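Novice: Supplied in structure tokens, the structure appears directly below.
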Amino acid sequence: MELASKYNPAEVEGKWYQYWVDNRLFHSEPDGREPYTIVIPPPNVTGVLHMGHMLNNTIQDILVRRARMKGKNALWVPGTDHASIATEAKVVAKLAAQGIRKADLTRDDFLKHAWEWKEEHGGIILKQLRRLGCSCDWDRTAFTMDEVRSRSVIKVFCDLYDKGLIYRGVRMVNWDPKAKTALSDEEVVYKEEHSKLYYLRYYIADQENVTPTGIDGEVLHKDAKGWYAVVATTRPETIMGDTAMCINPNDPKNRWISGHRVIVPLVGREIPVIEDEYVDIEFGTGCLKVTPAHDVNDYMLGEKYNLQTIDIFNDDGSISEAAGIYVGQDRFAVRKQIAIDLDAAGLLEKIEDYTNKVGYSERNADTAIEPKLSMQWFLKMQHFADMALPPVMNDELKFYPPKYKNTYRNWLENIKDWCVSRQLWWGHRIPAYYLPQGGYVVAETIGEAVEKARAKSGDASLTAADLRQDEDVLDTWFSSWLWPISLFDGINNPDNEEIKYYYSTNDLVTGPDIIFFWVARMIMAGYEYRGDMPFRNVYFTGIVRDKLGRKMSKSLGNSPDPIGLIEKYGADGVRMGLMLSAPAGNDIPFDEAICEQGRNFNNKIWNAFRLTQSWTVSDSAAQPESSRLAVEWFDALLARSAAEIDDLMSKYRISEALMTAYKLFWDEFASWYLEIIKPAYGQPIDRLTYESTLSLFENLLLLLHPFMPFITEELWQAVRERKPGESIMNQSVLGIAHQYEEKVISDFDSCKALVTEVRSIRKQKNIAMREALTVETVGKNPLERLNSVIMKMAGLDSIESVDSKSDGTAPFMVGTYEFAVRLGGLIDVDAELAKLDAELAHLEGFLKGVMGKLNNQNFVAHAPAAVVGLERKKQSDAEQKIAAVRENMRRLGRDC
RNA sequence: GUUUCGUUAGCUCAGCCGGUUUAGAGCGCUUGCUUCACACGCAAGAGGUCCGCGGUUCGAAUCCGCGACGAAACACCA
């Protein structure tokens, strides 16, 4: 078989993915084995793959492939999220481009368009995951709005309502004026903004009663029109909603305003001055305008002092009739205009630059959130927080890295009720039905609703047509929080075999940005509906950033196209690149160049295989001693590395596990093992070594498979004839980490050190490899057992045991063993001495440090015997080495 | 502002419940190599007052305190 010198991923990836699918190797059914389960964090159904997904799903695939190879019944359930706000926004935008306004459509018509959109774009991201090699059980692909999941959501809503945990009421909520819906607190992100602070004049209504008291520090304002107070605000456009002014009762400079009434500028309305310690004396002028309808804190003041509430905004953020002026204009246009108008009216004292934080919709990054009073549905959260906190704090449910436990606790300890209703159409419609005579019932089906309505109203003639279902849908996360249960239909059929077998799942892999949105709430739902944790471990990935440390975003254009990367470097190369740069929990500064390292490694593996294929195998040739030793050594090393990888993986130190496998293959297998067993040019390889090598190579492929599934399958299939349907995917790695002798490995390390010393001398002296050298050992050669390997790798003709080193040799040490290379006339005495000087200085410095400890009575008295013993060993080793160096110097003619 | 995390080679990080031959890895860098698997390579190297200052200890990159710088989460002053 002729193999190209470069590995070409494009030729093999599609083929093997199809093979895995055709042979149903990703599919799982409950059986007698131990299950290993992951549920995918469902990506937005109409989304496309980004680097965050690539990272996250690579990790999940590594975990699930490993579990499979360890004999578990491994299942990775895929699916997508309906992403209510994001998807509805996209559909609205698409319709708008066609000249269709959402407002002109009926709910049913709009949903028809939305489903069409979902059918058209949905699932692209799942296809992309296939390119990455994800071993999801596609037979189980779910959608948060499919039949089973929808029924689960409705059932849970009704159940929580019946438990008294869901209520409906008018509250101050975060309002998205673009999507025209309420949002939960978690869906608001605050961004720092450069804005202005406007100082407005509020004239005192009862001018005649103003009595300046003459206290120092008083700030009194008076002009031709009389006394006035000054209010600093960032939002002058809300003055139409002002229903009070507030000062701090402990603020001497504003005492004079106390008890007066003031006039809202431009509006002309008289409002009271109230006093509350909430007001910060130091901020602005210490006078606060109170707009109960448009600010959370003002709302609280309004409740406390029974103030009037004037809602001056329409749902789209324009000014409402209630404002009286600027009606119909946009809030930001009004902010500009009102400043001009106030100034013209002499009501604007000054404008200052100011930096503050403004809330934006997490989904519509360009839309500023408006606090707004509205009727919404809420879920009481204290009950859930009480359940969900302990298991995480006491590590029953583990977070990796654990620092997120604090974040989690912080949120749960300050939990607020969850606004679950959204004024959208795309989502699960709230199963509340309003009666014609007022009031409502909550029911899973319309039939049930009619029954409940009849009972409630006493009117037995009520029919479905008389009931009006709530227009709102539920927050997307209200379906996501059930995901680990609803995927196995555990809400609708709590006793079914699947939920009993697969729940609790094992690992959840997700980003820390959705710890509140999703992780915490899944834990809550898990305990509420299964009485158990939804997953045993949560692995929080970092955020993928660009190499400058910036978040990847569309607007910066710094986000590489994942599929483009796969095409360029191969899926295995990209997977490796991501994993090499991703220690657990740290953000990942992603530089495309690191994929090159992944690609290069693929090529290395490919070429190692190519080498084995270039050999002719002889059944008559005897196995060289060096090959026998190499096999023995590498088998032990493989066992040790497999155990190390197991250990690292159990701690979710995935990048270190991969690095261990990487170095094992490249530095040990390719650079040492293959070089040792490689037959001389044109010579055949003996059968025994050849077969052993293929077995070792296969084991390496098994260890690497979870990280780089495609190339390992390709080569595993090529190493030997395989039966139809066989795959590396379901081979066991359990046998690799067998018992081994540490000494086999440590002796080989010494052997490698010796070879490296000789090569180094060759390089310094410019001696080519084909020129054979002789090495002397003083006394018995401690590495004699490995002579055959040393000779082959260092290019020696013999290793001779001598009583003392001959003249014209370059000495070196491996540990405390002395060796020398015979160089004859090539020896450069000055250079040799200089080297020895440096070595001596180093050793003496080291010895001095050791002696410092040993001469310290306190150290000898207090330190554990083992530590003291070790220092003594260091001392004797150093002394021995120093003696050897001195001896070498004398031999070169130095007097010392 | 509150809380948390971090600061170790040019870069990205490991080591941190104190002691393992005077600190490790990958990449990058330097110097040789067209050695018949691979230049996406081979071989040999260089490179660090472990942020600063104090303290605890026989002994500190590792524990404690203070400071500097950086990051994140949460809360915000209109």
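The values are calculated or read from the model by the stated rules, or taken from the named source; none is laboratory data. Given the structure is predicted, the values throughout are model-derived calculations rather than measurements. So basically every Cβ, Gly included, is an ideal-geometry build from the backbone, and we count neighbours across all protein chains shown.
Novice: Can you tell me which residue in segment A:325-335 is nearest to RNA strand B (Cβ to nearest atom), limited to those that are surrounded by fewer than 14 Cβ atoms within 10 Å (Cβ to Cβ) and under 43 Å from the mean Cα position of the chain (by Cα)?
Specialist: Looking at the filtered set, the residue picked out is A:332.
Novice: If you don't mind, another one. Filter segment A:352-364 down to the residues that are surrounded by 14 or more Cβ atoms within 10 Å (Cβ to Cβ) and either among the charged types (D, E, K, R) or away from RNA strand B (no atom under 13 Å from the Cβ) (or both) and list them by number.
Specialist: Residues satisfying the conditions are A:361, A:362, A:363, A:364.
Novice: Of all strands (runs of 3 or more DSSP E) completely enclosed by segment A:138-221, which ones contain at least 3 residues that are within 16 Å of RNA strand B (Cβ to nearest atom) and of a type in the set (D, E, K, R)? Lay out the reasoning, then the answer.
Specialist: Numbers: elements: A:166-176, A:181-183, A:188-204.
Answer list for segment A:138-221: A:188-204.
Novice: Further question: Answer yes or no: is there a residue in segment A:1-11 that is away from RNA strand B (no atom under 16 Å from the Cβ), out of contact with any helix residue (DSSP H, G or I) (no Cβ under 6 Å at 6 or more places or on another chain), on the phi < 0 side of the Ramachandran plot and not in a strand (DSSP E or B).
Specialist: No: segment A:1-11 contains no residue that is away from RNA strand B (no atom under 16 Å from the Cβ), out of contact with any helix residue (DSSP H, G or I) (no Cβ under 6 Å at 6 or more places or on another chain), on the phi < 0 side of the Ramachandran plot and not in a strand (DSSP E or B).
Novice: Give me the pairs, please: first residue somewhere in segment A:849-873 and more than 20 Å from residue A:815 (Cβ to Cβ) and without any contact (Cβ under 8 Å) to a residue 60 or more places away in the chain, second residue anywhere and near RNA strand B (Cβ under 6 Å from one of its atoms) and not in a helix (DSSP H, G or I), beta-carbon distance under 9 Å, and either six or more positions apart or on two chains.
Specialist: A:853/A:863
Novice: Counting only residues that are under 19 Å from residue A:325 (Cα atoms) and not in a loop (DSSP other than H, G, I, E, B), which one in segment A:234-249 is farthest from RNA strand B (Cβ to nearest atom)?
Specialist: Among them, the one singled out is A:240.
Novice: Working only within segment A:876-896, note down all residues that are touching a Lys or Arg at 6+ places or on another chain (Cβ under 9 Å) and modelled with pLDDT of 90 or more. Spell out the reasoning first.
Specialist: Filtering segment A:876-896 down to residues touching a Lys or Arg at 6+ places or on another chain (Cβ under 9 Å) leaves A:886-888, A:891, A:894, A:896.
Listed by number, the residues that qualify are A:886, A:887, A:888.
Novice: Go through segment A:388-440 and give me each residue that's more than 16 Å from RNA strand B (Cβ to nearest atom), of a type in the set (A, V, I, L, M, F, W, C) and closer than 30 Å to residue A:315 by Cβ.
Specialist: Passing the criteria: A:420, A:424, A:425, A:426, A:430, A:432, A:435.
Novice: Any residue that is part of a helix (DSSP H, G or I) and under 25 Å from residue A:323 (Cα atoms) - is there at least one of those in segment A:250-262?
Specialist: The answer is no, given that none of the residues of segment A:250-262 is part of a helix (DSSP H, G or I) and under 25 Å from residue A:323 (Cα atoms).
Novice: Enumerate the pairs (first residue in segment A:400-417 and under 19 Å from residue A:653 (Cβ atoms) and of a type outside the set (S, T, N, Q); second residue anywhere and assigned to a loop (DSSP other than H, G, I, E, B) and near RNA strand B (Cβ under 9 Å from one of its atoms)) with beta-carbon separation below 6 Å, excluding pairs fewer than 6 apart on the same chain, so at least 6 apart or on different chains.
Specialist: The qualifying pairs are A:400/A:584; A:401/A:584; A:401/A:585.
Novice: Considering (1) touching a residue at least 12 places away in the same chain (Cβ under 8 Å); (2) more than 27 Å from the chain's Cα centre (by Cα), say which one residue A:340 fails and leave the rest.
Specialist: Unmet for residue A:340, out of (1) touching a residue at least 12 places away in the same chain (Cβ under 8 Å); (2) more than 27 Å from the chain's Cα centre (by Cα): (1).
Novice: Now, a different point. Could you list, in sequence order, all residues of segment A:535-564 that are more than 17 Å from residue A:587 (Cβ to Cβ) and without any contact (Cβ under 8 Å) to a residue 60 or more places away in the chain? Reasoning before the result, please.
Specialist: Taking segment A:535-564 as the starting set, the residues that turn out to be more than 17 Å from residue A:587 (Cβ to Cβ) are A:535-538, A:554-555, A:557, A:561-564.
Result: A:554, A:555, A:557, A:561, A:564.
Novice: Continuing with the same structure: Within segment A:266-300, work out how many residues are among the hydrophobic types (A, V, I, L, M, F, W, C) and either near RNA strand B (Cβ under 8 Å from one of its atoms) or at positive phi (or both).
Specialist: Total satisfying the criteria: 7.
Novice: Another question about this same structure. Taking residue A:769, is it within 12 Å of RNA strand B (Cβ to nearest atom), part of a loop (DSSP other than H, G, I, E, B) and either farther than 23 Å from residue A:886 by Cα or in contact with a helix residue (DSSP H, G or I) (Cβ under 6 Å, 6 or more places away or on another chain) (or both)?
Specialist: Details: within 12 Å of RNA strand B (Cβ to nearest atom): yes; part of a loop (DSSP other than H, G, I, E, B): yes; either farther than 23 Å from residue A:886 by Cα or in contact with a helix residue (DSSP H, G or I) (Cβ under 6 Å, 6 or more places away or on another chain) (or both): yes.
Criteria met by residue A:769.
Novice: Within segment A:705-757, track down each residue that is in contact (Cβ under 8 Å) with a residue 40 or more places away in the chain, more than 25 Å from residue A:74 (Cβ to Cβ) and among the hydroxyl-bearing types (Ser, Thr, Tyr).
Specialist: Scanning segment A:705-757 gives A:740, A:750.
Novice: While we're here: Restricting to segment A:45-90, name every residue that is assigned to a strand (DSSP E or B) and buried (at least 22 other Cβ atoms within 10 Å of the Cβ).
Specialist: A:74, A:75, A:76, A:77, A:79, A:80, A:81
Novice: Which condition number does residue A:818 fail, the rest of (1) under 56 Å from the mean Cα position of the chain (by Cα); (2) surrounded by fewer than 14 Cβ atoms within 10 Å (Cβ to Cβ); (3) more than 22 Å from residue A:675 (Cα to Cα); (4) modelled with pLDDT of 90 or more being met?
Specialist: Among (1) under 56 Å from the mean Cα position of the chain (by Cα); (2) surrounded by fewer than 14 Cβ atoms within 10 Å (Cβ to Cβ); (3) more than 22 Å from residue A:675 (Cα to Cα); (4) modelled with pLDDT of 90 or more, residue A:818 violates only (2).
Novice: Among all residue pairs at least 6 apart or on different chains, which show Cβ distances below 6 Å where the first residue, located in segment A:255-282, is among the acidic types (Asp, Glu) and the second is away from RNA strand B (no atom under 15 Å from the Cβ) and not in a strand (DSSP E or B)?
Specialist: Close Cβ pairs (under 6 Å, with a partner that is away from RNA strand B (no atom under 15 Å from the Cβ) and not in a strand (DSSP E or B)) amount to A:270/A:205.
Novice: Is one or more of the residues making up segment A:713-730 part of a helix (DSSP H, G or I), surrounded by 14 or more Cβ atoms within 10 Å (Cβ to Cβ), β-branched (Val, Ile, Thr) and within 12 Å of RNA strand B (Cβ to nearest atom)?
Specialist: no
Novice: What number goes with the only condition from (1) among the small types (Gly, Ala, Ser); (2) in contact with an Asp or Glu (Cβ under 8 Å, 6 or more places away or on another chain); (3) near RNA strand B (Cβ under 9 Å from one of its atoms) that residue A:593 does not pass?
Specialist: (2)
Novice: Here's another thing I want to ask about it. What residue, of A:608, A:571, A:630, A:642, is closer than 30 Å to residue A:790 by Cα, within 16 Å of RNA strand B (Cβ to nearest atom) and crowded, with 23+ Cβ neighbours inside 10 Å?
Specialist: Exactly one residue qualifies, and that residue is A:630.
Novice: Among the residues of segment A:589-640, write down those that are under 27 Å from residue A:721 (Cα atoms) and among the small types (Gly, Ala, Ser).
Specialist: Matches in segment A:589-640: A:608, A:614, A:618, A:620, A:621, A:622, A:627, A:630, A:636, A:639.
Novice: Identify the single condition in (1) within 16 Å of RNA strand B (Cβ to nearest atom); (2) not in a helix (DSSP H, G or I) that residue A:227 does not satisfy, given that it satisfies every other one.
Specialist: Going through the list (1) within 16 Å of RNA strand B (Cβ to nearest atom); (2) not in a helix (DSSP H, G or I), residue A:227 breaks only (1).
Novice: Also, quick follow-up: Going by the conditions given, is residue A:322 more than 16 Å from RNA strand B (Cβ to nearest atom), outside any loop (DSSP other than H, G, I, E, B) and touching a residue at least 12 places away in the same chain (Cβ under 8 Å)?
Specialist: yes
Novice: Quick check on segment A:436-457. Is at least one of its residues within 30 Å of residue A:53 (Cα to Cα), surrounded by 22 or more Cβ atoms within 10 Å (Cβ to Cβ) and touching a helix residue (DSSP H, G or I) at 6+ places or on another chain (Cβ under 6 Å)?
Specialist: No.
Novice: Of the conditions (1) near RNA strand B (Cβ under 9 Å from one of its atoms); (2) among the polar types (S, T, N, Q); (3) surrounded by 16 or more Cβ atoms within 10 Å (Cβ to Cβ), residue A:586 satisfies every one except a single condition; which number is it?
Specialist: Against the list (1) near RNA strand B (Cβ under 9 Å from one of its atoms); (2) among the polar types (S, T, N, Q); (3) surrounded by 16 or more Cβ atoms within 10 Å (Cβ to Cβ), residue A:586 comes up short only on (3).
Novice: Looking at segment A:365-424, which of its residues are surrounded by 17 or more Cβ atoms within 10 Å (Cβ to Cβ) and among the acidic types (Asp, Glu)?
Specialist: A:370, A:417
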